[in-house]
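Only one structure is covered here, and it is reproduced in the block below.
The values are calculated or read from the model by the stated rules, or taken from the named source; none is laboratory data. Source: prediction; values computed, not measured. No Cβ is skipped: glycine too gets one built from the backbone with ideal geometry, and neighbour counts run over all protein chains shown.
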Amino acid sequence: MAYSYDNENIFARILRGEIPNDTVLETEHSLAFHDINPQAPVHVLVIPKGPYVTYDHFAGTASSGEIVDFTRAVGMVCAQMEVTPGAGNAGYRIIANNGSDAVQEVPHLHVHVLGGRLLGRMLPVFA
Ligand code: 5GP
């Protein structure tokens, strides 16, 4: 799949500093910030700094360094937000919406880290 990246998407603009964000963590290749419309007490978005549209785009074309950095950034955010299971923390969910069936709104890869309340089942049960 060949992806074309929209340089004007909102997260590209955040990365260029054109739009402010409430940063949680920044690493060499990744940025994490609070979601503007949180769905849980903890709702942080983690994005790679590179121009990747979806998870498969990133996994298939990013460098090993970017992939390691991003993976560790997600883990560090979970620890920093105190949602890692155990030691009094109750856990978290990570979600990446990719494409129209998943209702991806922003065409720059992002992982949602959600926690701080009981999150319920992953998806509604189909009748
Ligand atoms: P998606 O539906 O693409 O998986 O999620 C996009 C997320 O980006 C939504 O949860 C939405 O609230 C968040 N979002 C959209 N625009 C902004 C923004 O300008 N700043 C921040 N921090 N989050 C945003």
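Values for this structure:
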{"quantity": "The stretch 12-44, subset among the hydrophobic types (A, V, I, L, M, F, W, C) and more than 14 Å from the chain's Cα centre (by Cα), residue nearest to I94 (Cα to Cα)", "calculated": "A40"}
{"quantity": "Within the stretch 97-116, considering residues that are within 7 Å of the ligand (Cβ to nearest atom) and touching a strand residue (DSSP E or B) at 6+ places or on another chain (Cβ under 7 Å), the one farthest from V44 (Cα to Cα)", "calculated": "H110"}
{"quantity": "Residue in the stretch 48-58 that is touching a Pro at 6+ places or on another chain (Cβ under 7 Å), within 16 Å of the ligand (Cβ to nearest atom), among the aliphatic types (A, V, I, L, M) and part of a loop (DSSP other than H, G, I, E, B) present", "calculated": "yes"}
{"quantity": "Any hit, the stretch 24-34, residues being under 17 Å from G116 (Cα atoms) and near the ligand (Cβ under 8 Å from one of its atoms)", "calculated": "yes"}
{"quantity": "Checking E66 against (1) at pLDDT 95 or above; (2) farther than 24 Å from I10 by Cα; (3) surrounded by 14 or more Cβ atoms within 10 Å (Cβ to Cβ); (4) away from the ligand (no atom under 16 Å from the Cβ), the condition it does not meet", "calculated": "(2)"}
{"quantity": "The stretch 82-96, residues that are assigned to a loop (DSSP other than H, G, I, E, B) and either in contact with an Asp or Glu (Cβ under 8 Å, 6 or more places away or on another chain) or more than 15 Å from the ligand (Cβ to nearest atom) (or both)", "calculated": "E82, V83, T84, P85, A87, G88, A90, G91"}
{"quantity": "Pair list, Cβ < 9 Å and 6+ apart or interchain, from the stretch 1-30 residues that are in contact (Cβ under 8 Å) with a residue 60 or more places away in the chain to residues that are surrounded by 17 or more Cβ atoms within 10 Å (Cβ to Cβ) and of a type in the set (F, W, Y)", "calculated": "Y5/Y52"}
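Rundown of residues vs (1) surrounded by 11 or more Cβ atoms within 10 Å (Cβ to Cβ); (2) among the hydrophobic types (A, V, I, L, M, F, W, C), yes/no style:
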residue: G17; (1), (2): no, no
residue: T27; (1), (2): yes, no
residue: M76; (1), (2): yes, yes
residue: G88; (1), (2): no, no
residue: N98; (1), (2): yes, no
residue: L109; (1), (2): yes, yes
